[in-house]
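Student: First the structure, then my questions, so here it is.
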Amino acid sequence: MERSLNIFLFLLCLAIMTPTLNANILESDEYWKEERPEFDSYWQERAKVAKQDNHAAYFPDPYAVSGNFTASISEIIAGKSTRRNLGGGKGGECLATNPIDRCWRCDPNWANNRQKLADCVQGFGRNTRGGKGGPIYVVTDPSDNELLNPKVGTLRHAVTRNGPLWITFARSMLITLQQELIMTSNKTIDGRGVDVYIANGAGFTIQFIKNVIIHGIKIYNIQVREGGMIIDSESHYGIRTRSDGDGISIFGSSNIWIDHVSMRNCSDGLIDAIMGSTAITISNGHFTDHNEVMLFGASDSYSDDKIMQITLAFNHFGKRLVQRMPRARFGFVHCVNNAYTHWEMYAIGGSMNPTIISEGNRFIGPENKFVGKDQINAKEVTKREYTEEKVWTSWQWRSINDEFLNGAFFVNSGPELKNRPFSRKDMITAKPGSYVGRLTRYSGILGCRVGQPC
């Protein structure tokens, strides 16, 4: 009787928690019915252009892109580059410990050559250039009081200019966005050298644009905002419905690179990529304190997400995370050399037959929990959602050279990765998860100081 009561109480708790644990507003049909009227003729035209750009950014052979990336990791760790590139910070050694960081962090003059960063992205977002070639725009004012005619020197003014810009910050600042920050193409937000916090307000919206780099900022406590009239470029403003509470929302966009961000506690997802977005790299991030971390593809009916290609590399998924690191529909996700140190439900999930290649990650399973005398565990890394096993056994979900600790395990499916048209430096050659501690050592925002290697 006592055991039955315990099980009943556990199931009741799950029933109460379900709306919270699966509450991403982007997956709601009601959200899309409300959102569609927002797309006036201006946004409809931008959507057409963005769709062409997204298809142009799509890689027909994603395995080759993944293979080239992992081969470069192996070369560095194997010592084909100088030992200085793997230094641990003692005796003036460079602090770069992975192939993206070693591209720029060893240069003491990085602050005078900021745009070199745009040459360092790898993975599916490797053609992203952000605001390279454009002038430097220095944010001097942390306010966000004018949504239609933003003040010169504010972040909103910077991201709504029409041409390419490399956006930096004059000093450390906390920016509380009054409404979602709608960006234009060809922008880099570069927080190196100061401490930039986006907090206690709305988040970033990357919608129907291309070529965006977000680097070196901290994003937390992002909230839903009610919308209204908001500027979205120099020449246009329009009515927006309520924002969804994402830290960074990527919507129908391509060539996006998010690097060295620290994120926690947003109302919806930390980073979501939906509606045909592709050519995205998310690297060197540190993520904590969140339920649904990353959603890639929001609707089972939106098959255009088949072109979605996303690289997750050198990220640290840290304390008090619950699920979705990521959760994918359709598309191709390459998770390489990430540290998964905490989750409460699962780490990697999906539906609608996405391809997920997990390579050289380190997974530390959570401790078992007890409800009364009943043991509940969540050591399985993977979760196929809303699909019978006879269906998902054909999905290509493969674990390659991952490291599993504290009972963690990955359920493979689909054919083994062999007899495929890989280059000689194929994806099998990457280093195993035992190297993840080194590769992710400096994830999150960095304490860069002008005149010194970062």
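Student: Mind checking the dipole of the stretch 291-387: about its Cα centre, +1 per Lys or Arg Cβ, -1 per Asp or Glu Cβ, Debye to the nearest 20? Can you show the working numbers first?
Tutor: On the way: 12 positive and 10 negative charges, 52 e Å.
The dipole magnitude comes to about 260 debye.
Student: What does the charge add up to near Ser283, with Lys and Arg as +1, Asp and Glu as -1, over the other residues with Cβ less than 10 Å from its Cβ?
Tutor: -2
Student: Also, I was wondering about something else. Just to check I understand the Karplus step: with θ = phi - 60° and J = 6.51 cos²θ - 1.76 cosθ + 1.60, what whole-Hz values come out for the stretch 118-125, glycine and proline as x?
Tutor: Per-residue couplings from phi come out as 5, 8, 9, 5, 10, x, 5, x Hz.
Student: Can you list the trypsin sites (Lys or Arg not before Pro) in the stretch 135-182 that are in a DSSP coil and have 13 or fewer other beta carbons within 10 angstrom? Don't jump to the answer; show the numbers that get you there.
Tutor: Values: sites: Lys151, Arg156, Arg161, Arg171; in loops: Lys151, Arg161, Arg171.
Qualifying residues, ordered by number: Lys151, Arg171.
Student: While we're here: What number comes out for the charge environment of Gln115, summing +1 per Lys or Arg and -1 per Asp or Glu over other residues with Cβ under 13 Å away?
Tutor: Values: positive: Arg114, Lys116, Arg129, Lys132, Lys187, Arg192; negative: Asp107, Asp119, Asp190.
Around Gln115, the charge tally is +3.
Student: If you don't mind, there's one more thing I want to ask. What's the center-to-center distance, using Cα atoms, between the stretch 236-295 and the stretch 317-361 in Å?
Tutor: First find each Cα centre; the distance between them is then 15 Å.
Student: Residue by residue, what Karplus-based ³J(HN,Hα) values in Hz, rounded to whole numbers, does the stretch 243-251 have, using 6.51, -1.76 and 1.60 with θ = phi - 60° and x for Gly and Pro?
Tutor: In residue order, the calculated couplings are 6, 8, x, 6, x, 9, 10, 9, 10 Hz.
Student: Another one. When a footprinting reagent is the concern and you count Cβ atoms within 10 Å, what order do His55, His260 take, fewest first? Provide the component values of the computation, followed by the final result.
Tutor: Details: His55 13, His260 26.
The most exposed by this proxy come first: His55, His260.
Student: Let me ask something additional. Taking the beta-carbon count within 10 Å as an exposure proxy, list Leu295, Leu148 from fewest neighbours to most.
Tutor: Values: Leu295 24, Leu148 9.
The most exposed by this proxy come first: Leu148, Leu295.
Student: For the stretch 203-303, what proportion of DSSP beta bridges, expressed in % and rounded to the nearest 5, is antiparallel? Spell out each step's value before the answer.
Tutor: Values: 5 of 33 bridges.
Given both bridge residues lie in the stretch 203-303, the antiparallel proportion sits at roughly 15 percent.
Student: May I ask for the net charge around Glu367, where only other residues with Cβ less than 12 Å from the Cβ of Glu367 are counted and Lys, Arg are +1 while Asp, Glu are -1? Don't skip to the answer; put the middle values down first.
Tutor: Working: positive: Lys369, Lys379; negative: Glu344.
That works out to +1.
Student: Beyond 28 Å between alpha-carbons counts as too far, so tell me which of Lys306/Lys369; Lys151/Lys319; Lys51/Lys390; Lys151/Lys218 fall in that bin. Don't skip to the end; give the middle numbers.
Tutor: Details: Lys306/Lys369 37 Å; Lys151/Lys319 38 Å; Lys51/Lys390 34 Å; Lys151/Lys218 23 Å.
Check vs 28 Å cut-off fails for Lys306/Lys369; Lys151/Lys319; Lys51/Lys390.
Each value in this text was obtained by applying a stated rule to the coordinates, not by laboratory testing. Being a predicted model, the structure only gives us computed values, none of them experimental. Note that we place each Cβ from the backbone using ideal geometry, even for glycine, and neighbour counts take in every protein chain shown.
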